[in-house]
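Following: one structure in structure tokens, then a few remarks.
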Amino acid sequence: MEVFIHYFIRIVLPILIIGCVLLIVVLIINRYIYDSFSPRFDATKNEIDIFLTNLIFSPFDETHHKTEIEQFKKAIPFEKNWCKKLLLNEIIFLKQNLKGEVTNKFHYIYEQFDLFRYTQKLLKSRRFYLKCLGLFQLETLDYKKGKHYITPLLTHKNRDIKSRAFLALISLSPNKLESLIDFSHEITIAEEINIMDILHHKKTKMPANLKDWIVSENATIVKLGIKLMIFYNYTNENKKITELLKHNDKAVRHEVILAINSLFIIEAETELIQHFSHEDTENKLEIFNTLSKIGTAESENFIAQLLETKTDEGIKLDAVYCLYKINRNYFDSHFLDNEDVQKMVEHVKAIKK
């Protein structure tokens, strides 16, 4: 024990003290640098904001604008990367928040400040987040001239970069949506949301090969294909969509049930009823929601039989709600002696009121 204390005092303690001193020194230096740099950064940001606002809202004069930009480059520390990054961030911010004809100037400003070269450096960087930042800049600015610099990243070994590159390319070239069928990896929910967001904002045409998506070996492509069919109200493949109720992926089946509802595929009623017992609670409830829209007497008989058996109370309540939506008068002459069902009917009627 005495030997340990000796070594701790003579070796470990001095190292800890020196480490703490160095850490304090580093923190003080960083704080000094920040305090020294912050006023310059804020002043530059204000200058950029004022300049861009005046430039964007003034009548376009290429010669005059070019001269103004060249003069402004000399008024700010434009040669510094932090300044270029700041300038580009402000351009992107304005691009995202302004509408109308004024947005036509952003590409001109981007090029006149030679910021595309800065974006290219980001795309060539070995750092993951810098590559993604470069892709984000091209996509947000809708700079179609940059799509050729995105293509090499489609085969990048990093899955996230490859995915981000595909999304950026689709955004800049909507006709590239067909190429999504070649995705070999699983499309995440976040990627799905991004793709659907692109479709909403770009008013993209329906992929010519969409019917092939729902027979892909990649379940996430199948799921996305069904989503797109709903989005485009594509009803030419209703039979194939219905057949996908036999798919081994639960998420795909869930999307199929939603599609039958949205596309009003009334011929799928029998298949939905047949597959009901094979589904989990989530899909069962979605089947009820769909049958409440497309259901006929066949659904009435199916749900009536279900209510007569020992079924989970949560399922029963949704079954009653579904049957009530199919036929509001059904319970006026059925299940009158079933107290539990009548309570559920009263609950459903109260909700509908």
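The values are calculated or read from the model by the stated rules, or taken from the named source; none is laboratory data. Everything quoted here is computed from the prediction, not taken from an experiment. Please note: Cβ atoms are built from the backbone with ideal geometry, for glycine as well, and neighbour counts cover all protein chains shown. Areas reflect the complete protein model, heavy atoms only, side chains present, ligands, DNA and RNA absent. Shrake-Rupley method; radii C 1.70, N 1.55, O 1.52, S 1.80 Å.
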**OP:** Enter the Cα centre distance for the pair region 91-151 and region 285-333, rounded to the nearest angstrom.
**Re:** 54
**OP:** At most 10 other Cβ atoms within 10 Å and a DSSP loop assignment: could you name the trypsin sites (Lys or Arg not before Pro) in region 171-268 that fit?
**Re:** K203
Subject >> Exposed GluC sites (Glu not before Pro) absent - longest run of the chain, DSSP non-H/G/I/E/B, at most 10 other C-beta within 10 Å >> reply: 80-216
Original post:
Where a ≥ b ≥ c are the square roots of the eigenvalues of the C-alpha gyration tensor, would you call region 205-245 rounded, which needs a/c under 1.5, or, failing that, prolate if a/b is larger than b/c, or oblate?
Top reply: oblate
Original post:
Using θ = phi - 60° and the Karplus form 6.51 cos²θ - 1.76 cosθ + 1.60, what ³J(HN,Hα) does each residue of region 47-56 get, whole Hz, x for Gly and Pro?
Top reply: 4, 5, 4, 5, 4, 5, 4, 5, 5, 5
**OP:** May I ask you to evaluate 6.51 cos²θ - 1.76 cosθ + 1.60, the Karplus curve with θ = phi - 60°, for each residue of region 62-72 and list the ³J(HN,Hα) values in order in whole Hz, giving x for glycine and proline?
**Re:** 4, 5, 5, 5, 4, 5, 4, 5, 4, 5, 5
Subject >> Fluctuation leader among A251, A75, A259 - the chain, Gaussian network, Cα springs under 10 angstrom >> reply: A75
Original post:
In region 185-255, which chymotrypsin sites (Phe, Trp or Tyr not before Pro) fall in coil by DSSP and have 14 or fewer other Cβ atoms within 10 Å?
Top reply: Y232
Original post:
Which of Y321, I287, L135 sits closest to the plus end of the dipole of the chain, meaning its Cα is farthest towards the positive end, when Lys and Arg get +1 and Asp and Glu get -1 on the C-beta?
Top reply: L135
**OP:** Between D182, D61, D249, find the one with the highest GNM mean-square fluctuation for the chain; connect C-alpha pairs within less than 10 Å.
**Re:** D61
Subject >> Computed [θ] at 222 nm, deg cm²/dmol, the chain (DSSP H ≥ 4; -39,500 (n - 2.57); rounded to nearest 500) >> reply: -21500 deg cm²/dmol
**OP:** For the pairs K162/K246; K84/K205; K85/K147; K202/K227, note any where the Cα-Cα span goes beyond 25 Å.
**Re:** K162/K246; K84/K205
**OP:** Would you work out the relative contact order for region 34-183, in percent, from Cα pairs under 8 angstrom that are 6 or more residues apart?
**Re:** 16
Original post:
aspartates and glutamates within cross-link reach of K73: Cα-Cα under 14 Å, excluding same-chain residues under 8 positions apart?
Top reply: E47, D49, E111, D114
**OP:** Excluding residues fewer than 8 places away in the same chain, name every one of the lysines whose C-alpha is closer than 21 Å to that of K80.
**Re:** K45, K66, K121, K124, K131
Original post:
Out of L153, L86, L210, any idea which swings most in a Gaussian network model of the chain, alpha carbons joined below 10 Å?
Top reply: L86
Original post:
Given a cut-off of under 8 Å on Cα pairs at least six residues apart, what relative contact order in percent is computed for the chain?
Top reply: 7
Subject >> the chain, dipole about Cα centre (Lys/Arg Cβ +1, Asp/Glu Cβ -1), debye to the nearest 20 >> reply: 1920
Original post:
Ignoring ligands and nucleic acids, what accessible area does T67 show with a 1.4 Å probe (Å², nearest 10)?
Top reply: 70
**OP:** Specify whether the C-alpha gyration tensor of region 68-176 places it in the rounded, prolate or oblate class, a ≥ b ≥ c being the square roots of the eigenvalues: rounded for a/c under 1.5, otherwise prolate if a/b is larger than b/c and oblate if not.
**Re:** oblate
Original post:
Which of the following values of volume of the Cα convex hull per residue in Å³ was calculated from the structure shown: (1) 183; (2) 127; (3) 287?
Top reply: (3)
